[in-house]
1. Could you list, in sequence order, all residues of the range 121-162 that are part of a loop (DSSP other than H, G, I, E, B) and closer than 22 Å to Lys89 by Cβ?
2. Taking the range 228-260 as the search range and keeping residues that are free of Cβ contacts under 8 Å to residues at least 40 places away in the same chain and of a type in the set (A, V, I, L, M, F, W, C), which one is surrounded by the most Cβ atoms within 10 Å (Cβ to Cβ)?
3. So, Arg132, is that one in contact (Cβ under 8 Å) with a residue 12 or more places away in the chain, touching a Pro at 6+ places or on another chain (Cβ under 9 Å) and charged (D, E, K, R) or not?
4. Restricting to the range 52-83, name every residue that is farther than 30 Å from Gly241 by Cα and not in a helix (DSSP H, G or I).
5. Evaluate the following for Val11: is it among the β-branched types (Val, Ile, Thr), in a loop (DSSP other than H, G, I, E, B) and not assigned by TED's automatic domain parsing to the domain that holds Lys211?
6. Suppose the filter is touching a Pro at 6+ places or on another chain (Cβ under 7 Å) and over 16 Å from Leu96 (Cα atoms); does Ile126 pass it?
7. Can you tell me which residue within the range 215-274, out of those that are assigned to a helix (DSSP H, G or I) and of a type in the set (Ser, Thr, Tyr), is modelled with the highest pLDDT?
8. Any chance you could count how many residues in the range 14-51 are closer than 23 Å to Ala208 by Cβ, assigned to a loop (DSSP other than H, G, I, E, B) and polar (S, T, N, Q)?
Amino acid sequence: MNIGGPTIHAVLLTAGLDGDKFSTILVTGRVGENEGDMSYLTAENAIEPVGISELQREPSIAKDAAAFYKLYRFLKNERPDIVHTHMAKAGAIGRLAARIAGVPVVVHTFHGHTFHSYFNPLKTGIFIFIERLLARITDKIIVISELQKREVKQYLRPGGNNKITLIPLGFKLDMFLENRRDGGVGRLRERFNISKNAIIVGIIGRLAAIKNHTMFLSAAKEIKRKNKGKDIKFLIVGGGGEKDRLKAFSDRLGIGGDVIFTGWLKDMPALYSAVDIVALTSRRQRRGGGRQVGLYRAIRRYQRLFRSRIGLDQRRRQEKGLRIARKGVCQEDVFRQKIDR
């Protein structure tokens, strides 16, 4: 149950299915060492998941084989009518185990993909080949955006006009519209020693190269240079293997004192209430065509937004209140303009 939109989606879907029509079981893997854990969501939604500890993000022949066997035995015993998988590793092992176990209907949701902009050409080609084979044993492929639908068709060629279905994600966002009169905003600023008058620019996500935090930090340096005298703090919310490198990079830029690495935070409504500007600089959010959960939450809180040019159709790139930057640092001084307001 690592932190991210797919986990939220899977939990809400499990909790939201009509109990009079469906009996559903949520099967989960193990959270990696450098990943945040959202398993608390299952308790909040009265879900008791079945855990397979060998199912994890990192590749391991032994653990992957063990995860497959355990899942196969589980499916043989439970004999479900439908298996619905999410994410790449769980989707591959889950779909293969379901087919061999004789499950009548197999469904997979793409929250993103690895068809391009993620790995080197050889590794990318291997992943595409595997996904093409998996597509052939999948009865229904669900995508969450038009762009993703086009790319799944282009790279996987799954066949059949009705095999791919677009179902936009649903979110529980009312909590992000509240005024936070409970003092959550003040507590967050106090926790990280941020003055009440400081402008907070935040970025939320796993600390991995694909999330492009170096662009965020380079933009932060430009902001500080062009806004001397203003109290501006930069919150990097999340965890991952890139933390030490990013800390060293911020120090080399001379902005280490204004950059705060918070780790993973649970009270996201309080976080979004405290942050003045939300940034997303990912090279390929959710690995192609996915939805940026953080931005939906920020929009619900009426934050000013800055994001890189990913996953948007041409016709939607100039939406009111959402500024888009091409590759590079702070094109058109997007951050600076918003701070000056």
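The values are calculated or read from the model by the stated rules, or taken from the named source; none is laboratory data. All values derive from a computational prediction rather than experimental measurement. Note: ideal-geometry Cβ built from the backbone for every residue, glycine included; neighbour counts use all protein chains shown.
1. Ile137, Thr138, Asp139, Ile144, Ser145, Pro158
2. Ile236
3. Working: in contact (Cβ under 8 Å) with a residue 12 or more places away in the chain: yes; touching a Pro at 6+ places or on another chain (Cβ under 9 Å): yes; charged (D, E, K, R): yes.
Yes, satisfied.
4. Matches in the range 52-83: Arg79, Pro80, Asp81, Ile82, Val83.
5. Values: among the β-branched types (Val, Ile, Thr): yes; in a loop (DSSP other than H, G, I, E, B): no; not assigned by TED's automatic domain parsing to the domain that holds Lys211: yes.
Answer is no for this residue.
6. No.
7. Going residue by residue through the range 215-274, those that are assigned to a helix (DSSP H, G or I) are 215-226, 243-252, 256-258, 268-274.
Filter once more, keeping what is of a type in the set (Ser, Thr, Tyr): 218, 250, 272-273.
Numbers: Ser218: 92, Ser250: 96, Tyr272: 80, Ser273: 79.
Selected residue: Ser250.
8. Adding up the residues that qualify gives 2.
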